[in-house]
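Have a look at the structure below before the remarks.
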Amino acid sequence: MAAMRVEANAKLNLTLDVLGRRPDGYHDMRMIMQSVELADLLDITRSGSGELRVSTNLHFLPNNAKNLAAQAALRWWEAQGNASQGLDITIDKHIPVCAGMAGGSSDAAAVLRALNELEGAGLSPAQLARIGERVGSDVPYCVTGGTALAEGRGEVLTPLPPLPPCWVVLCKPEFSISTPALFAKIDSVKLRCRPDTQGVIAALEEQDLVGVARRMYNVFEDALPERQRSRVNDIKNVLIQCGALGASMSGTGPTAFGLFDSEALAREAQERLTGVGGEVFLTRTV
Ligand code: ATP
């Protein structure tokens with residue numbers, strides 16, 4: 001096979017907890033991840049040129065080895081003990097950038113899955129995850145996606161029962177968040193509350209969508225600068241007023257999302273949020 005088209009799904013955090021800073025400078029995390037249908041599309045072609053080329057439809061993203069998709073290809077060849085081969089990666093971005101939705105990590109994971117197929121290497125998802133870990137902490141989760149508990153830096157994964165299918169409305173406000181700055185701040189912030197991770201896992205086991213939605217929480221909301229926190233809260237309030245079963249922020253933000261069991265209510269929320277500013281999407285869980 002010489003070419004493949006692959007989807008790279010976005011993720012949301014149903015919960016996100018930071019347990020503490022580790023001696024190596026990383027933070028120990030505990031989070032429940034969920035894939036959604038919103039996805040980037042990647043065309044991956046073996047070119048025989050000996051060059052690794054990457055391009056995207058967004059002019060501000062790196063079109064070179066700094067792109068996380070290209071980094072994944074380089075790590076792949078490193079792990080295989082090969083010199084880098086000719087490869088063209090074309091990314092059609094749909095996932096908002098710097099949004100807490102793991103867009104870049106998901107592109108990287110999609111490249112690893114595609115190279116595994118194109119080269120007939122037959123690596124297991126766990127082996128692909130180990131390669132992906134060297135690109136970023138969210139890449140191992142993005143290799144398989146679905147509903148999972150992620151611990152450690154995010155690379156220690158436990159599959160969970162799937163979230164009952166539902167509609168998701170998400171809104172990325174017009175500003176972006178600096179992930180390193182927010183991680184630095186979380187150590188000094190007094191957290192108002194912590195997510196009930198065990199409660200969410202129990203609700204997933206019972207396939208209780210309302211029980212999951214009611215317990216969603218992300219500790220990074222407490223670390224946001226005041227104006228940004230208030231904007232995220234405004235979005236969450238609109239989602240709840242429109243009938244969301246629960247609303248939260250994803251990753252280090254600033255995307256806020258709500259879960260709906262009714263398509264009509266989800267469409268109403270999408271309409272209310274469109275026009276207020278930012279990027280608004282209606283999608284479904286995977
Ligand atoms: P996470 O949820 O994993 O923290 P994020 O959604 O906050 O990720 P991304 O959209 O993945 O953030 O992008 C983070 C940074 O990575 C940006 O500065 C962007 O320029 C860079 N980047 C490199 N490659 C890509 C890619 N393929 N897609 C998106 N961003 C990329």
**Fill in**
Scanning segment 109-149 residue by residue, those charged (D, E, K, R) and modelled with pLDDT under 95 turn out to be 119
**Asked** Among the listed residues 268, 263, 206, which satisfies the condition of being touching a Cys at 6+ places or on another chain (Cβ under 6 Å) and surrounded by fewer than 20 Cβ atoms within 10 Å (Cβ to Cβ)?
**Response** 268
**Message:** Any residue that is over 18 Å from residue 4 (Cα atoms), within 10 Å of the ligand (Cβ to nearest atom) and under 18 Å from the mean Cα position of the chain (by Cα) - is there at least one of those in segment 42-60?
**Reply:** no
**Asked** Is it true that residue 107 is assigned by TED's automatic domain parsing to the domain that holds residue 53 and surrounded by fewer than 18 Cβ atoms within 10 Å (Cβ to Cβ)?
**Response** no
**Message:** Just checking: which of the strands (runs of 3 or more DSSP E) contained wholly in segment 1-89 hold 2 or more residues that are closer than 18 Å to residue 133 by Cβ?
**Reply:** 3-21, 27-46
**For residue 180: the one exception among (1) under 21 Å from residue 254 (Cα atoms); (2) assigned to a loop (DSSP other than H, G, I, E, B); (3) not aliphatic (A, V, I, L, M)** = (2)
**Prompt:** If we scan segment 47-67, do we find a residue that is in contact (Cβ under 8 Å) with a residue 60 or more places away in the chain and in the same structural domain as residue 147 (by TED's automatic domain parsing)?
**Reply:** no
**Item:** Close pairs from segment 210-226: first closer than 15 Å to residue 258 by Cα, partner among the acidic types (Asp, Glu), Cβ under 7 Å, at least 6 apart
**Value:** 215/196
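Each row is one residue, and each column tells you yes or no for (1) away from the ligand (no atom under 16 Å from the Cβ); (2) of a type in the set (D, E, K, R); (3) over 25 Å from residue 25 (Cβ atoms).
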{"residue": "187", "(1), (2), (3)": "yes, yes, no"}
{"residue": "213", "(1), (2), (3)": "yes, no, yes"}
{"residue": "222", "(1), (2), (3)": "yes, yes, no"}
{"residue": "234", "(1), (2), (3)": "yes, yes, yes"}
{"residue": "249", "(1), (2), (3)": "no, no, no"}
**Complete:** In segment 79-101, residues that are more than 16 Å from the ligand (Cβ to nearest atom) and in contact (Cβ under 8 Å) with a residue 24 or more places away in the chain total 5
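The values are calculated or read from the model by the stated rules, or taken from the named source; none is laboratory data. All figures in this text were calculated on a predicted structure; none of them were measured in a lab. Here the Cβ is made from the backbone with ideal geometry for all residues, glycine too, and neighbour counts use every protein chain on show.
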